[in-house]
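Heads up: the structure comes next, in structure tokens.
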Amino acid sequence: MKLFLDTAHVADIETAHSWGILGGITTNPSLAAKEGLEFHDLIKAITDIVSGPVSAEVVADTPEDMLAQASELVEIADNVVIKVPLTRAGVSAGARLTAEGIPINVTLVFSPAQAILAASIGATFVSPFLGRVDDIANDGLALLAEISEIYEMQGYDTQILAASLRHPQHVVESAKLGADAATMPFDVMDKLFNHPLTDIGNERFNRDWDAYQQSLAERRDA
Ligand code: G3P
């Protein structure tokens, strides 16, 4: 399962990239709005850092307007993936983009039926929003399990991108359920590193190493 960051914040993307674990980026209009940069400049800055897929979302009411936005976004870099919402207009635009060989990520997916629609238009990614399903007292992981089972049974090529993840356990369970990628906020990715026994063990190794070096130095000086 690839690890994606769900952010448009370039400093966080640089940090995660430096860790060597960054498989791709997902952005959305709300995340882009926080950054105060022109959208195309923002996507260019992200693709300058990340070589994996970078999802850039189209925002319009008609397929024609979505396609016009997509045609500009795909010019920014080879790794741009066009994000379309799971609406009638979004699916219509998405079908035309995949027919032209342009990779798409179908977003705002909240049901297995919607995930079937995404696969049927040859989407590269389908993004079920686990956290937002949990927010309305339903089970986001159960949704992921259903989509995973259907995709396996049907042999769909569309990759499942578990989205709207809120904590490390969402990431672990997504991996167990066969997600191809998981996109998460920076703080969730950062928390994947944490374990108290790692900190205790690392401190002890450092302390023992220093004592060892000191005893060798004392023996040399004796
Ligand atoms: O970018 C799509 C999705 O991951 C949004 O997550 O946290 O706004 O529900 P969230």
For region 1-141, the per residue accessible area (1.4 Å probe, Å²) is 44 Å²
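Would you mind classifying region 95-199 by shape? Square roots of the alpha carbon gyration tensor eigenvalues, ordered a ≥ b ≥ c; an a/c under 1.5 is rounded, otherwise it is prolate if a/b is larger than b/c and oblate if not.
Verdict is prolate for region 95-199.
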For the chain, with only Lys/Arg (+1) and Asp/Glu (-1) charged at the beta-carbon, what is the dipole magnitude about the Cα centre, in debye rounded to 20? 360 debye
Add +1 for every Lys or Arg and -1 for every Asp or Glu among the other residues with Cβ under 13 Å from the Cβ of D12, and state the total. -4
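Check each of the trypsin sites (Lys or Arg not before Pro) in region 1-80 and keep only those in coil by DSSP with at most 14 other C-beta atoms within 10 angstrom; list them in order. Write down the numbers at each step before the final one.
Numbers: sites: K2, K34, K44; in loops: K34.
Within region 1-80, the qualifying trypsin sites (Lys or Arg not before Pro) (loop, at most 14 other Cβ atoms within 10 Å) are K34.
Excluding L67 itself, what net charge comes from residues whose Cβ is under 11 Å from its Cβ, given Lys and Arg +1 and Asp and Glu -1?
-3
Tell me the GluC sites (Glu not before Pro) within region 49-119 that lie in a loop according to DSSP and have at most 16 other beta-carbon atoms within 10 Å.
Details: sites: E57, E64, E72, E75, E100; in loops: E75, E100.
Within region 49-119, the qualifying GluC sites (Glu not before Pro) (loop, at most 16 other Cβ atoms within 10 Å) are E75, E100.
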Pick out, from L161, V54, N28, the residue whose Cα sits farthest towards the positive end of the charge dipole of the chain, with +1 on the Cβ of Lys and Arg and -1 on the Cβ of Asp and Glu. L161
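Could you rank the peptides 8-20, 140-152 by their average count of other C-beta atoms within 10 Å per residue, with the highest value first?
Working: 8-20: 15.5, 140-152: 18.9.
Put in order of decreasing packing, that is 140-152, 8-20.
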Charge tally in the Cβ shell below 10 Å around M184, where Lys, Arg are +1 and Asp, Glu are -1, M184 excluded: -1
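Classify the chain from the C-alpha gyration tensor, please: rounded if a/c falls under 1.5, else prolate or oblate depending on whether a/b exceeds b/c. Intermediate results must be reported in sequence, preceding the final value.
On the way: a/c = 2.81, a/b = 1.85, b/c = 1.52.
Prolate shape, in that a/c is at least 1.5 and a/b is the bigger ratio.
The values are calculated or read from the model by the stated rules, or taken from the named source; none is laboratory data. Just so it is clear, the structure is predicted and the values come from calculations on it, not from any experiment. A quick note on method: Cβ atoms are made from the backbone with ideal geometry, for glycine too, and the neighbour counts reach across all protein chains shown. The protein model used for the area step is the full one, side chains on, heavy atoms only, and it has no ligands, DNA or RNA in it. Shrake-Rupley method; radii C 1.70, N 1.55, O 1.52, S 1.80 Å.
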